[in-house]
Amino acid sequence: MQLSTAPTVGRRRRGNPDSQGLLGVLSVCATLLQLCAGCPSECVCNSLEANCSGRSLVSVPALTSLPEGTHTLLLANNRLSSLPVSAFANLSTLETLDLSNNYLDNLPSRLFRELSNLSDLSLRNNSLTVLDRELFRGLTHLRRLDLSLNGLAAVPLGLLDELQGLTWLSLAGNRLHALERATFEPLANLQHLELGMNPWECDCNLRDFKHWMEWLIYRGGNVDAVECTLPKDLRGRDIRGVPVEMFNYCLQLEDENGGRAGSTKGGSPPCFRGTATPSSEGAVVRTEAELPDCVKQRYRPVSVRRAIGTVVIAGVVCGIVCIMMVAAAAYGCIYASLMAKYQRELKKRQPLMGDAEAEADAEEKQISSVA
């Protein structure tokens, strides 16, 4: 019996690796079938990314069947001109969405309302001219937003209110000529802002936004060049280097027109809407450490080093002038005392000179009489 059972045991041991390998192959095939079944035919998918770029798509494919856990959706370099409101429904796990290099000209309100985990959104190089103020509602985790190379002429107030976690924003290459400071004040964590290649009009409408940019740079942010197109005497100059004194006439215009509603003073630091402001009635007294940075810190110029250098140079010049004035006063006092002493000596000598002249006249008379 032992001889007959030994070969059977050996065969079973040899069969285990084959069965495990078969199970592994079947598992891989099942996974691939699941991915392929959930991936649109126009896209290439893996466990984390769905790549639908460069497919000449004129409409968004069915995305409801994307593999669960998809974090990245790429729809760049297509021919998309419009998007339905429900285009990105049920994609709450999405973190990166790329819609760049399309023909999008109008986006429905709150198109991205279900993308609560989205952190990177690119709408670069489209045909957008107007943005609905509700477009980015709910994107509280958004960190990077690219709106460059479009046709935007304005950024509506309230568009960025819920993007307080945004750290990178590009508005370069649009048709912006002025921006409202209040639109950008909610961006408390912004570190990088691109505004180049826009036809900026460096007049009173841009004064408050200039102050906000200087505040952003002072707290460590980065802003690229903002070159003026108008007026002509500032054309080509970076508004960050234009002295604040050149905007003093704006205050006169406001006084003549009775002030401008909703404007903020450039001397005070910006506070976003979530910051509590102290009230006069029933306010709780707080220490300076408990106050938000925008309240306890004073506005600083764009270049603190330049301002400090200016103060130092002005102090040195004033010191030199004061020393020269003291030296001049001392010289004047010494000169006056010397002149007074000289006058006293001169007065003492005048009687003696008078007697000598009288004697000379008497001698001349005697000589003339003898003659």
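The values are calculated or read from the model by the stated rules, or taken from the named source; none is laboratory data. The shown structure was predicted, so the numbers you read here are calculated from the model rather than taken from an experiment. Glycine also receives a Cβ, built like all others from the backbone with ideal geometry; neighbour counts cover every protein chain displayed. Each accessible area value is taken on the protein alone, full model and side chains, heavy atoms only, with ligands, DNA and RNA left out. Shrake-Rupley method; radii C 1.70, N 1.55, O 1.52, S 1.80 Å.
In the stretch 74-184, the portion of solvent-accessible area held by carbon and sulfur atoms comes to 43 percent [1.4 Å probe, whole percent, DNA, RNA and ligands not counted]. Highest mean packing comes first when the peptides 67-77, 224-234, 170-180, 320-330 are listed by Cβ atoms within 10 Å, giving 170-180, 67-77, 224-234, 320-330.
Using a 1.4 Å probe, what is the accessible area per residue for the stretch 70-219, in Å²? Averaged over the residues of the stretch 70-219, the accessible area is 36 Å². Once every Cα of the stretch 161-248 carries one equal point scatterer and solvent is ignored, give the base-10 log of I(q)/I(0) from the Debye formula at q = 0.12, 0.14, 0.24, 0.26 Å⁻¹, two decimals. For the stretch 161-248, the Cα-only Debye profile gives -0.33, -0.46, -1.32, -1.51. Using the Cβ-Cβ distance between THR129 and SER65 with R0 set to 45 Å, the FRET efficiency from 1/(1 + (r/R0)^6) comes to roughly 0.85.
Take the Kirkwood radius over Cα pairs of the stretch 82-147, plug it into Stokes-Einstein at 25 °C and 0.890 mPa s, and you get 206 µm²/s for translational diffusion. Considered as an equivalent ellipsoid built on the Cα gyration tensor, the stretch 139-186 has semi-axes of 18, 13, 8 Å, the largest given first.
I need the calculated FRET efficiency for the pair GLU95 and ASP203, taking r as the beta carbon distance and R₀ as 51 Å, to the nearest 0.05. According to the calculation, E is roughly 0.80.
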